[in-house]
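Asker: The structure is given below, and queries will be raised subsequently.
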Amino acid sequence: MRLSPFFIGIIFTCIGVKYGTSLAVMSVDFGSEWMKVGIVSPGVPMEIALNKESKRKTPAVISFRDNIRTFGEDAQTVGLRFPKQAYSYILDLLGKSIDHPLVQLFQSRFPYYEIVPDVERGTIYFKQDDKTFFSPEELIAQFLVKAKEFAENGANQPIKECVITVPGFFNQVERKSLLQAAELAGLKVLQLINDYTAVALNYGIFRTKSFNETAQYVMFYDMGASSTTATLVSYQNIKTKERGFLETHPQLSILGVGYDRTLGGLEIQLRLRDYLAKKFNEMKKTPNDVFKNPRALAKLFKEAGRLKNVLSANFEHYAQIEGLLDEKDFKLLVTRDELENLIPDLLKRVAGPVEQALKTSHLTKDILNQVVLVGAGTRVPKIQEILQKTVGQELAKNLNTDEAAAMGAVYKAADLSTGFKVTKFLTKDAVLFPIQIIFQRDTKEGIKTVKRTLFGLMNPYPQKKIITFNKHTDDFSFTANYGDLDYLPEHEVDNVGARNLSEYKLNGVTDALKKNLKENTESKGIKAHFGLDESGILNLINVELVVEKTMNSSEEDEDEGTLSKIGNSFSKLFGGNNKHEEDETPQQEEKPVHEVHDDDKSESPQQEQINPKEEKQQNTTETKNTTETNNVKPKIVTHKEPIASQEIVFSIGRLSKEQFEKSLEKIQKLDQVERDINRRATALNNLESFIIDVQNKLYDDEYVEAANEEETEKIRKACSEVSDWLYEDGSEADAATYEKKLDEIQELTRQLFSRVWEHKERPEALKALHSMLNHSSVFFKTAKNFTESNNPDNFVFKDSEVETLEKLIADTNEWADKLEKEQSVLKKSEHPKLTVKMLMDKMAALDREVKYLVNKLRNFRPKKTAKSEKTSNTTKDQSETEESVIDETIEEPQTGDNGTETIEPTNTDKNGNKDSHSEL
């Protein structure tokens, strides 16, 4: 794929990190059917990490059989024979109780799994056997550990930080459960990013040149394995003020979302599986019912998936399974029309997410610039036909549907990490499930239940909001619940799960009011600060009592102590002002904080929003008017008193510390078993390979010549004994035993292999030594002309230095000739007298001596003397290699026609002086 200029311009720059520190980050697109892993590391801007089969996506299947854990395709193979021991499509089971509609649907789809309740937490377990249970968090954590392994192998360095995609319709409990799974996997989650937001980001980063200040509207229709989502997104350039300057950045905003949580390729595959099973039963090949055989159902499920994909491109195809049940084969011709007749109710639901997305965005389909298909389910021709009629335009297929979410998420990971700097692309996600605060208030009519919307439908996030309780004087509590979900179909409301989220109990309200409400003070209420973070998770940040005290100048002076006055004096001296810190409106929020009051009569966002700067300006104006009226200088001091709060989770809570440690220990034991199995398999493979390799080499001519009969026989005997042992008693040995056996064989063959290597490499090493001796001799001849005795007025080398080189060349030549002769009379099976290491040591010594002289020549600066007269009767028969001093400057050596290095005049500068630098 040709990268756009924007992508090429992405600055994946390592910043502020020392060399050797891990910089890589990753993304995990963990879906119901597949897992894709993206990586960003120095030198690898954005890439998909390959699994052990060198494929870009891994089936989201995990199996446990005979104490062996497998993933992906290996786990699928186990699942065909032992369906109960291979788990898949588990993402939708996160954070759900045993009676949740989606858990019951899962049990009806895959009846061979045994799902039991986790009484302690209120969620579920998969029962493997009487002693082994797995929660969905534990299974997904193991997938994330494997994803981390793929990413680290691709980046060649450790990875701790990641961004994980999550279905946009995941509620608070599901998101927190996924974060706990990542924590069990030892990963730091920078953000949970909605899958459609990641897709939209990946789409946008390649098209920024087409964006401007006018919004462009794109709808992404994503039909995956288990769900379907339609998302309306706007793209436009906006101006933001950063570091005091206005900058223009592209921004995507989620405007509308519609989804169907149970409409996807899985449901089509299950319908086709049941159809094939029914047809097989009708053939009466066996009296047994295929529906009652888990292994046969697993085979039919796999064949249905293959058949579904083939029928997306062909009008008919054969379903074929060998030995489906009771060793009876199955073969059936299935047409595309027959497949479509199985899913009429599903086809009617295709347009639903589109209509819901338009409804929640308050826009019409006429504004859509493009409708982009995402997900494997959209490849079904009938679905494309229905969708095209619904939106009234051609559908775009210009997106890599398999990898778009993973690539968008890894771009966000690079943006959030501290090790990379990327070109900014702003994202604004939106709330799917409104959150409201419910509390009780005393009125004249009695106790009244009050509801206030905190985060409304399609409100952008991340965002912070404040709810102010003005009427409460005692300790009280309030709850956070999901708000109005009438825009959702009834079955989707049931899938959201429990509507009540948490109860917050406030303690110490009475004491705080007594402590702070004195003369000239006014309570501004109990303020609860909430935040909806980048991952879409609700947090109570803090609760505080806010009071304002009006003080005139005399009261202020009395209230101030001596130390405070001294401090103020120093503050004024060094540029401070007369205002207390309490007077300053908090400016840590770049965006306005929305505030909701408990006595609000309207819940419209316009009335909820308060801009801190406007509030400060209003207070300042009121203070000024009071001053002008009374000729007094009152001062309003704001004081904030923290209020203790306690959260009680109504729905499924986090793992307790004890539960977390127990789950972590279970996963670590499985990881250790897998490492031991891999180590044993590697050790066994290395031992077998080495023995076969040695046995074959003993028949090669070069090894036959290098070994004597006794040595050969000894090696053969050892290899034969180990080989026999492997196929008898050693078949069940551990890794350490295999490694020890390998060390013994390697030690036995080390000298033989060393001699063979020496005989093979020695000729090249000798050739390199002689070449170095020749070049050193040529340099020596040149260097003699720069010695003190030959050029006393402008010499480069001392005589002793050149004599040392001459002696070294002579000694090396003599040593090489002597050992070459001694080595030539030795048999190849005898220990060599001339080794490659000895030759390398001689070359290193010669290289050091020559480099020393060459560097000295390069750094030489001739003495500047008056230009002397030279006779024009220079001897013509002077040797071409002899050094000439012309105008008392050094000439540069160059290679002449005869292979020797000659000296040629250098360039002259603007004054006519020749360049004094010389190079070999």
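The values are calculated or read from the model by the stated rules, or taken from the named source; none is laboratory data. All values reported here derive from a predicted model rather than from experimental measurement. No Cβ is skipped: glycine too gets one built from the backbone with ideal geometry, and neighbour counts run over all protein chains shown.
Asker: Among (1) surrounded by 20 or more Cβ atoms within 10 Å (Cβ to Cβ); (2) over 30 Å from Tyr275 (Cβ atoms), which single condition is Leu179 missing?
Answerer: Condition (1) is where Leu179 drops out.
Asker: Would it be correct to say that Lys285 is of a type in the set (D, E, K, R), in a loop (DSSP other than H, G, I, E, B) and either touching an Asp or Glu at 6+ places or on another chain (Cβ under 8 Å) or more than 30 Å from Phe211 (Cα to Cα) (or both)? Give the steps one after another, and end with the answer.
Answerer: Working: of a type in the set (D, E, K, R): yes; in a loop (DSSP other than H, G, I, E, B): yes; either touching an Asp or Glu at 6+ places or on another chain (Cβ under 8 Å) or more than 30 Å from Phe211 (Cα to Cα) (or both): yes.
Yes.
Asker: Considering only region 361-375, I want to know if a residue exists there that is closer than 19 Å to Leu488 by Cβ and within 32 Å of the chain's Cα centre (by Cα). It would help to see each step written out before you state the result.
Answerer: Taking region 361-375 and keeping what is closer than 19 Å to Leu488 by Cβ, we get 361-363.
When the remaining residues are screened for being within 32 Å of the chain's Cα centre (by Cα), the result is 361.
Yes, region 361-375 contains at least one residue that is closer than 19 Å to Leu488 by Cβ and within 32 Å of the chain's Cα centre (by Cα).
Asker: Answer yes or no as to whether Val257 is free of Cβ contacts under 8 Å to residues at least 60 places away in the same chain, part of a strand (DSSP E or B), under 25 Å from Leu538 (Cα atoms) and under 27 Å from the mean Cα position of the chain (by Cα). Lay out the reasoning, then the answer.
Answerer: Working: free of Cβ contacts under 8 Å to residues at least 60 places away in the same chain: no; part of a strand (DSSP E or B): yes; under 25 Å from Leu538 (Cα atoms): yes; under 27 Å from the mean Cα position of the chain (by Cα): yes.
For Val257, the condition - free of Cβ contacts under 8 Å to residues at least 60 places away in the same chain, part of a strand (DSSP E or B), under 25 Å from Leu538 (Cα atoms) and under 27 Å from the mean Cα position of the chain (by Cα) - is not met.
Asker: Looking only at region 838-847, decide whether some residue is out of contact with any Ser or Thr (no Cβ under 6 Å at 6 or more places or on another chain), under 17 Å from Val756 (Cα atoms) and of a type outside the set (Lys, Arg).
Answerer: The answer is yes, given that some residue of region 838-847 is out of contact with any Ser or Thr (no Cβ under 6 Å at 6 or more places or on another chain), under 17 Å from Val756 (Cα atoms) and of a type outside the set (Lys, Arg).
Asker: Here is a list: Ile447, Ile435. Which entry is crowded, with 18+ Cβ neighbours inside 10 Å and of a type in the set (A, V, I, L, M)? Give the steps one after another, and end with the answer.
Answerer: On the way: Ile447 fails: crowded, with 18+ Cβ neighbours inside 10 Å.
Ile435 is the lone residue from the list that is crowded, with 18+ Cβ neighbours inside 10 Å and of a type in the set (A, V, I, L, M).
Asker: Select, from Glu788, Glu830, the only residue that is free of Cβ contacts under 8 Å to residues at least 12 places away in the same chain and within 59 Å of the chain's Cα centre (by Cα).
Answerer: Details: Glu788 fails: within 59 Å of the chain's Cα centre (by Cα).
Step by step, each of Glu788, Glu830 is checked, and only Glu830 is free of Cβ contacts under 8 Å to residues at least 12 places away in the same chain and within 59 Å of the chain's Cα centre (by Cα).
Asker: Right, another one. What about Lys359, is it among the basic types (Lys, Arg) and either in contact with a Leu (Cβ under 6 Å, 6 or more places away or on another chain) or in a loop (DSSP other than H, G, I, E, B) (or both)? Explain how you work it out, then say what you get.
Answerer: Numbers: among the basic types (Lys, Arg): yes; either in contact with a Leu (Cβ under 6 Å, 6 or more places away or on another chain) or in a loop (DSSP other than H, G, I, E, B) (or both): no.
Against the criterion (among the basic types (Lys, Arg) and either in contact with a Leu (Cβ under 6 Å, 6 or more places away or on another chain) or in a loop (DSSP other than H, G, I, E, B) (or both)), Lys359 does not qualify.
Asker: Related question: So how many residues does region 642-660 have that are among the acidic types (Asp, Glu) and closer than 16 Å to Leu540 by Cα? Don't jump to the end; show me each part of the working.
Answerer: Restricting attention to region 642-660, the residues satisfying the condition of being among the acidic types (Asp, Glu) are 647, 658.
Narrowing the set further to residues that are closer than 16 Å to Leu540 by Cα leaves 647.
Result for region 642-660: 1.
Asker: Is it the case that region 312-329 has a residue that's farther than 22 Å from Val374 by Cβ, free of Cβ contacts under 8 Å to residues at least 24 places away in the same chain, in a helix (DSSP H, G or I) and not assigned by TED's automatic domain parsing to the domain that holds Lys84?
Answerer: No: zero hits.
Asker: If you go through region 267-282 one residue at a time, do you hit one that is basic (Lys, Arg) and assigned by TED's automatic domain parsing to the domain that holds Leu102?
Answerer: First, pick out the residues of region 267-282 that are basic (Lys, Arg): 271, 273, 278-279.
Add one more test, that the residue is assigned by TED's automatic domain parsing to the domain that holds Leu102, and what stays is none.
For region 267-282, residues basic (Lys, Arg) and assigned by TED's automatic domain parsing to the domain that holds Leu102: absent.
Asker: If I filter region 385-432 down to residues being crowded, with 16+ Cβ neighbours inside 10 Å and acidic (Asp, Glu), which single residue comes out as nearest to Thr364 (Cα to Cα)?
Answerer: Looking at residues that are crowded, with 16+ Cβ neighbours inside 10 Å and acidic (Asp, Glu), I get Asp429.
Asker: Select, from Thr378, Thr390, the only residue that is farther than 23 Å from Thr165 by Cβ, in a helix (DSSP H, G or I) and β-branched (Val, Ile, Thr). First the steps, then the outcome.
Answerer: Numbers: Thr378 fails: farther than 23 Å from Thr165 by Cβ.
From the options Thr378, Thr390, the qualifying one is Thr390.
Asker: Shifting gears a bit: Go through region 49-71 and give me each residue that's touching a residue at least 40 places away in the same chain (Cβ under 8 Å) and touching a strand residue (DSSP E or B) at 6+ places or on another chain (Cβ under 6 Å).
Answerer: Ala49, Asn51, Arg56, Lys57, Thr58, Ala60, Ile62, Phe71
Asker: Return the residue satisfying two criteria in turn: it lies in region 126-166 and is in a helix (DSSP H, G or I) and of a type in the set (S, T, N, Q), and of such residues it is nearest to Leu179 (Cα to Cα). Before the answer, list the steps.
Answerer: The initial filter retains those residues of region 126-166 that are in a helix (DSSP H, G or I), namely 136-155.
Imposing the further condition that a residue be of a type in the set (S, T, N, Q) reduces the set to 142, 153.
Values: Gln142: 13, Asn153: 23 Å.
So the residue we want is Gln142.
Asker: Which one of these is of a type outside the set (S, T, N, Q) and within 35 Å of the chain's Cα centre (by Cα): Gly323, Gly305? Reasoning before the result, please.
Answerer: Working: Gly323 fails: within 35 Å of the chain's Cα centre (by Cα).
Within the list Gly323, Gly305, the selection yields Gly305.
Asker: Checking Phe169 against (1) part of a helix (DSSP H, G or I); (2) of a type outside the set (D, E, K, R); (3) over 20 Å from Met46 (Cβ atoms): exactly one of these is not met. Which one?
Answerer: Of everything listed in (1) part of a helix (DSSP H, G or I); (2) of a type outside the set (D, E, K, R); (3) over 20 Å from Met46 (Cβ atoms), Phe169 misses just condition (1).
Asker: Being at pLDDT below 90, surrounded by fewer than 17 Cβ atoms within 10 Å (Cβ to Cβ), part of a helix (DSSP H, G or I) and small (Gly, Ala, Ser) narrows it down to one of Ser754, Ser689, Ser731, so name that one.
Answerer: Numbers: Ser754 fails: at pLDDT below 90; Ser689 fails: at pLDDT below 90.
Matching residue, one of Ser754, Ser689, Ser731: Ser731.
Asker: Would you mind stating whether Val103 is aliphatic (A, V, I, L, M), at pLDDT 95 or above and within 25 Å of Phe650 (Cβ to Cβ)?
Answerer: Taking the combined requirement at face value, the residue satisfies it.
Asker: Take region 63-94 and flag every residue that is buried (at least 23 other Cβ atoms within 10 Å of the Cβ) and of a type in the set (S, T, N, Q).
Answerer: Ser63 - this is the single residue of region 63-94 that is buried (at least 23 other Cβ atoms within 10 Å of the Cβ) and of a type in the set (S, T, N, Q).
Asker: Condition (residue is crowded, with 18+ Cβ neighbours inside 10 Å, under 22 Å from Gly375 (Cα atoms) and out of contact with any Phe, Trp or Tyr (no Cβ under 7 Å at 6 or more places or on another chain)) applied to region 233-252: is it met by at least one residue? Spell out the reasoning first.
Answerer: At the first step, the residues of region 233-252 found to be crowded, with 18+ Cβ neighbours inside 10 Å are 233-235, 250-252.
Add one more test, that the residue is under 22 Å from Gly375 (Cα atoms), and what stays is 233-235, 252.
Filter once more, so that each one left must be out of contact with any Phe, Trp or Tyr (no Cβ under 7 Å at 6 or more places or on another chain): none.
No, region 233-252 has no match at all.
Asker: So if I check each of Val189, Val199, which one is of a type in the set (Val, Ile, Thr), surrounded by fewer than 23 Cβ atoms within 10 Å (Cβ to Cβ) and modelled with pLDDT of 95 or more? Spell out how you get there, then give the answer.
Answerer: Details: Val199 fails: surrounded by fewer than 23 Cβ atoms within 10 Å (Cβ to Cβ).
Of the residues listed, the single one that is of a type in the set (Val, Ile, Thr), surrounded by fewer than 23 Cβ atoms within 10 Å (Cβ to Cβ) and modelled with pLDDT of 95 or more is Val189.
Asker: Going by what's in this entry, would Ile205 be described as hydrophobic (A, V, I, L, M, F, W, C), out of contact with any Gly (no Cβ under 9 Å at 6 or more places or on another chain) and either modelled with pLDDT under 95 or under 30 Å from Asp494 (Cβ atoms) (or both)?
Answerer: no
Asker: Only residues that are among the polar types (S, T, N, Q) and either under 19 Å from Ala783 (Cβ atoms) or touching a His at 6+ places or on another chain (Cβ under 8 Å) (or both): list them for region 812-861, please.
Answerer: Applying the first criterion (among the polar types (S, T, N, Q)) to region 812-861 yields 812-813, 823-824, 829, 835, 855, 859.
Across region 812-861, the qualifying residues are Thr812, Asn813, Asn855, Asn859.
Asker: Also, I was wondering about something else. Can you tell me how many residues in region 72-106 are in a helix (DSSP H, G or I) and either within 17 Å of Gln142 (Cα to Cα) or without any contact (Cβ under 8 Å) to a residue 60 or more places away in the chain (or both)?
Answerer: Our first condition is that a residue be in a helix (DSSP H, G or I); within region 72-106, this holds for 72-81, 83-85, 91-93, 101-106.
With either within 17 Å of Gln142 (Cα to Cα) or without any contact (Cβ under 8 Å) to a residue 60 or more places away in the chain (or both) added as a condition, the list becomes 72-78, 85, 91-93, 103-104, 106.
Result for region 72-106: 14.
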